[in-house]
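The values are calculated or read from the model by the stated rules, or taken from the named source; none is laboratory data. All figures in this text were calculated on a predicted structure; none of them were measured in a lab. Every residue, glycine as well, gets a Cβ built from its backbone with ideal geometry; the counts of neighbours run over all protein chains shown.
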């Protein structure tokens with residue numbers, strides 16, 4: 001495709017190429033992902049920009065190496081560092097007199113308005129790079145538990161798929177990586193209308209004020225509404241604080257997840273010459289065997305150097321686990337209640353090297369300290385901090401990880417919320433502003449420190465947890481690999497904390 005001609009035909013100078021779809025989901029199928037079509041990069045996040053001077057791909061620290069490996073020839077990779085914002089860097093590449101084309105169905109209204117304030121823009125109805133949208137025809141099923149009641153005082157239109165799924169109590173397990181139903185929801189008092197097909201005519205004809213969240217509604221839908229009123233979604237907070245019933249369901253989900261992970265560890269221990277692909281295939285079988293409906297995301301099975309790619313997803317048929325190899329397994333599943341599990345463990349085939357033990361133990365130290373961040377260095381529970389933020393936990397982990405082992409870096413946030421989606425906000429554990437809010441009781445989240453070196457390997461240890469009475473509690477019971485722990489690197493406090501977890 002001649003992209004200069006494309007820009008001329010659209011009467012624009014630059015084109016934002018998104019990785020998402022009209023529902024603004026985090027994970028889009030590659031056949032509907034315009035950014036993948038353009039660049040060949042398959043990561044879950046990161047957009048691209050077409051200009052008359054070249055094509056630019058923007059990736060955060062999780063994907064720097066993967067982008068180098070996957071991006072098509074001629075694509076300029078902009079590697080965002082911690083603290084850098086993608087849209088800031090996009091705007092820097094657009095000259096003052098240039099017009100940026102934005103596909104209206106693939107950007108939120110709030111993001112569009114931020115671009116409007118900084119550069120000249122033009123909204124496009126269809127995507128000139130890839131306008132395909134998957135049609136989801138499976139009948140949704142009931143999740144089996146009651147969500148919290150939500151009765152807005154004014155008519156409300158909800159487009160976020162997790163929120164729609166939560167309020168309707170419906171789930172769809174037809175595809176890995178999602179339990180969400182596909183639709184948009186209108187609520188007026190106690191009445192609900194679920195739009196599984198187009199809502200265009202309804203929005204055009206509705207002449208009263210309609211509450212929407214600009215952060216989740218796409219710019220196209222927003223443009224159809226006669227009297228939109230922006231209000232940050234109340235459902236986002238509502239579903240992030242789990243009920244006690246949901247916590248109990250989550251405990252059962254993780255019991256099954258632990259069994260699947262331990263089964264795959266036994267499979268690795270008792271078999272030789274296993275490929276990443278074979279391990280991933282067997283892992284899926286184990287999840288289904290222990291009651292999963294589908295996977296909550298594509299499992300990561302990464303051997304040796306591949307484990308240094310934080311979100312590696314190839315699961316190669318020609319990469320084998322050999323004596324002395326590390327294998328990083330990041331996985332999770334959906335069960336009938338539609339709540340996503342998420343866990344990462346690192347195992348070793350045979351005996352580990354001293355470097356492997358040092359890196360593994362350092363990451364373990366970071367987890368233990370972040371997990372127990374509510375305590376002072378003293379053991380006394382009387383000195384417990386009642387309030388904690390994800391920013392504080394992330395900071396605690398970085399004090400242990402940053403610049404401690406030459407060549408190994410921690411290139412992503414410490415964790416994320418979990419729920420109907422495997423990545424949920426709130427809460428957030430990172431150095432971002434959004435992480436500077438209190439993690440409330442019954443919020444569920446991951447703690448997943450890591451260290452990565454593309455020339456050697458990577459280690460990430462992830463426990464999904466919840467907050468209760470001022471304390472973090474781990475859902476995950478799968479233990480840590482004893483062969484990889486160097487106890488001389490742990491202090492007395494850390495050894496005491498480690499007693500909560502099984503050593504394999």
### Query
Restricting attention to segment 28-46, which residues are surrounded by fewer than 22 Cβ atoms within 10 Å (Cβ to Cβ) and more than 11 Å from residue 71 (Cβ to Cβ)?
29, 30, 31, 32, 37, 44, 45
### Message
touching a strand residue (DSSP E or B) at 6+ places or on another chain (Cβ under 8 Å) and closer than 30 Å to residue 34 by Cα: is that true of residue 150 in this structure?
### Response
no
### Message
Given the criterion more than 18 Å from residue 454 (Cα to Cα), modelled with pLDDT of 95 or more, within 18 Å of the chain's Cα centre (by Cα) and not assigned by TED's automatic domain parsing to the domain that holds residue 145, identify the matching residue among 364, 339.
### Response
339
### Query
In this structure, is residue 22 more than 20 Å from residue 299 (Cα to Cα), touching a helix residue (DSSP H, G or I) at 6+ places or on another chain (Cβ under 7 Å) and outside the structural domain of residue 453 (by TED's automatic domain parsing)?
yes
### Summary
Checked against (1) in a helix (DSSP H, G or I); (2) touching a helix residue (DSSP H, G or I) at 6+ places or on another chain (Cβ under 9 Å); (3) exposed (fewer than 14 other Cβ atoms within 10 Å of the Cβ), residue 146 satisfies every condition except (1)
### Task
Report whether or not residue 114 is out of contact with any helix residue (DSSP H, G or I) (no Cβ under 6 Å at 6 or more places or on another chain), farther than 18 Å from residue 28 by Cβ and without any contact (Cβ under 8 Å) to a residue 60 or more places away in the chain.
yes
### Message
Looking at (1) within 22 Å of the chain's Cα centre (by Cα); (2) farther than 30 Å from residue 67 by Cβ, which one does residue 204 not meet, given that it meets all the others?
### Response
(1)
### Query
Do we have residue 324 as part of a loop (DSSP other than H, G, I, E, B), in contact with a strand residue (DSSP E or B) (Cβ under 8 Å, 6 or more places away or on another chain) and touching a residue at least 60 places away in the same chain (Cβ under 8 Å) here?
no
### Of all residues making up segment 296-321, the number that are closer than 19 Å to residue 413 by Cβ and either free of Cβ contacts under 8 Å to residues at least 12 places away in the same chain or in a loop (DSSP other than H, G, I, E, B) (or both)
7
### Query
Does residue 89 count as under 28 Å from residue 180 (Cα atoms), assigned to a helix (DSSP H, G or I) and touching a residue at least 12 places away in the same chain (Cβ under 8 Å)?
no
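Yes/no per residue for (1) out of contact with any strand residue (DSSP E or B) (no Cβ under 9 Å at 6 or more places or on another chain); (2) under 28 Å from residue 165 (Cα atoms); (3) assigned to a loop (DSSP other than H, G, I, E, B):
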{"site": "94", "(1), (2), (3)": "no, no, yes"}
{"site": "97", "(1), (2), (3)": "no, no, yes"}
{"site": "105", "(1), (2), (3)": "no, yes, no"}
{"site": "111", "(1), (2), (3)": "no, yes, no"}
{"site": "114", "(1), (2), (3)": "yes, no, no"}
{"site": "121", "(1), (2), (3)": "no, no, no"}
{"site": "128", "(1), (2), (3)": "no, no, yes"}
{"site": "131", "(1), (2), (3)": "no, yes, yes"}
{"site": "138", "(1), (2), (3)": "yes, yes, yes"}
### Summary
Okay, helices (runs of 4 or more DSSP H) sitting entirely in segment 234-289 with 2 or more residues that are in contact (Cβ under 8 Å) with a residue 60 or more places away in the chain and within 21 Å of the chain's Cα centre (by Cα), I get 234-240, 244-270
### Query
So which residues in segment 310-336 are crowded, with 23+ Cβ neighbours inside 10 Å and at pLDDT below 95?
310, 312
